[in-house]
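Okay, structure first, notes after.
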Amino acid sequence: MHSRPLPRTPTVQKPVDWAPSLVADVLQGLQSKPKRLSPTYFYDERGSQLFDQICELPEYYITRTETQILERHAEEIAGCIGENALLVELGSGASTKTRLLLDRLPDLAAYVPVDISRTHLMAAAQRISAAYPRLEVLPACADFTRLFSLPKPRRAPLRSVAFFPGSTIGNFDPPDAIELMKVMGTMVDGLVIGFDLVKDPAILERAYNDSAGVTAEFNLNVLRRLNHELEASFDLRRFRHQAVWVPEANRIEMRLISSLPQKVSIAGEVISFAADEPLITEHCHKYTPQLFAAQAEAAGWRARRTWGDDRNYFHVQYLELDP
């Protein structure tokens, strides 16, 4: 039973101001060859809800497999995090997996969920506060790919540990992933991270081309968001979802394919698409243990513990900074 006082109502850092950075980044991506958008832009409120649906799909093994690993090894992972720690979850979403750790961390200093979708973040934070009424929950609305200030809990933590599940690290090309892990190293002392392993391409492609079409809707939602926030003129009926395995890069590549020659206006600029031209929206890198170890070490981290599943689909690791 916790002895410290009940926390105050969760607060949130100032929401991300999209206007200048969104316009510049989107235009730069759409004017590059090949055209591309950052997967960061998937996660408005609707995009976050769609991703939660994806996690429940039978083809999408990632969430199910990682959850099984966390359920089986939660006590050991919690032991690595330690007592009186500040637990920072990057890209927290619904914070579902986090509960497996929170149940075994009764002496946390505080929990900091970090997400770019403010509405989704606050709803999840309120649910966590209701479920763990003596835990201080300090949501931070931020782009975790950039350095941001962690909120300070009332009780000073002994250490800070980031929780980065879901193989989100795979959404970053290797140089960017290394830079992100370096940023993490300036904010926390330890890192619990999940990453997806290289496997049969048929299994991978099914995971990103589900029969219910939820991933396709999630992919197209980025255009809907640009229409809403930047008054762009994308006609969603003229684009189709595609996800393919690119073996030379060890990644799934998500694309939106223009079905015909067309022009789209956005922020005062006109962008031309050729028929069958791809717009790349996401890279989903898959790893061998050796590849991930090399990436982590390049960023200054070293794995202390590794947990996997029976099919060798996925790994969860606890990393610490190299001394």
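The values are calculated or read from the model by the stated rules, or taken from the named source; none is laboratory data. Fair warning: this is a prediction, and the values are worked out from it, not measured in the lab. No Cβ is skipped: glycine too gets one built from the backbone with ideal geometry, and neighbour counts run over all protein chains shown. Surface accessibility is based on the protein's heavy atoms, side chains included, excluding ligands, DNA and RNA. Shrake-Rupley method; radii C 1.70, N 1.55, O 1.52, S 1.80 Å.
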Here the qualifying pairs (Cβ atoms under 6 Å; residues six or more apart or on different chains; first in segment 39-65 and under 21 Å from ILE116 (Cβ atoms); second surrounded by fewer than 17 Cβ atoms within 10 Å (Cβ to Cβ)) come out as GLU45/THR119
When every residue in segment 70-99 that is farther than 16 Å from LEU191 by Cα and open to solvent by less than 30 Å² (accessible area, probe 1.4 Å) is compared, the one modelled with the lowest pLDDT is ALA94
Listed by range, strands (runs of 3 or more DSSP E) wholly within segment 246-323 having at least 2 residues that are without any contact (Cβ under 8 Å) to a residue 40 or more places away in the chain and farther than 19 Å from GLY190 by Cα are 251-258, 262-266, 269-273
Q.
Given the condition free of Cβ contacts under 8 Å to residues at least 40 places away in the same chain, open to solvent by less than 20 Å² (accessible area, probe 1.4 Å), of a type outside the set (Val, Ile, Thr) and out of contact with any Asp or Glu (no Cβ under 7 Å at 6 or more places or on another chain), answer yes or no: does some residue in segment 127-134 qualify?
A. no
Okay, strands (runs of 3 or more DSSP E) sitting entirely in segment 88-201 with 2 or more residues that are among the aromatic types (Phe, Trp, Tyr), I get 159-164
Checklist entry - In this structure, is GLY213 of a type outside the set (A, V, I, L, M, F, W, C) and in contact (Cβ under 8 Å) with a residue 40 or more places away in the chain? => result no
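Per-residue answers, yes or no, for (1) at pLDDT 95 or above; (2) among the acidic types (Asp, Glu); (3) within 21 Å of TYR313 (Cα to Cα):
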position: LEU150; (1), (2), (3): no, no, no
position: PRO153; (1), (2), (3): yes, no, no
position: PRO157; (1), (2), (3): yes, no, no
position: ALA162; (1), (2), (3): yes, no, no
position: GLY166; (1), (2), (3): no, no, yes
position: MET181; (1), (2), (3): yes, no, no
position: LYS199; (1), (2), (3): yes, no, yes
position: ARG206; (1), (2), (3): yes, no, yes
(Q) Among the residues that make up segment 223-239, is at least one of them over 18 Å from ASP44 (Cβ atoms) and aliphatic (A, V, I, L, M)? (A) no
| Can you find a residue in segment 183-193 that is touching a residue at least 12 places away in the same chain (Cβ under 8 Å), hydrophobic (A, V, I, L, M, F, W, C), surrounded by fewer than 19 Cβ atoms within 10 Å (Cβ to Cβ) and under 30 Å from VAL264 (Cβ atoms)? | no
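Can you tell me which residue in segment 249-290 is least open to solvent (accessible area, probe 1.4 Å), limited to those that are at pLDDT 95 or above and at positive phi?
Here the answer is ASN250.
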Filtering segment 57-69 for residues that are open to solvent by 10 Å² or more (accessible area, probe 1.4 Å) and β-branched (Val, Ile, Thr) leaves a count of 2
Selection from segment 228-248 of residues at pLDDT 95 or above and open to solvent by 30 Å² or more (accessible area, probe 1.4 Å) yields SER233, ASP235, LEU236, ARG237, ARG238, ARG240, HIS241, GLN242, VAL244, TRP245, PRO247, GLU248
Per the list (1) in contact with a strand residue (DSSP E or B) (Cβ under 6 Å, 6 or more places away or on another chain); (2) over 16 Å from TYR43 (Cα atoms), residue check on LEU101 breaks on (1)
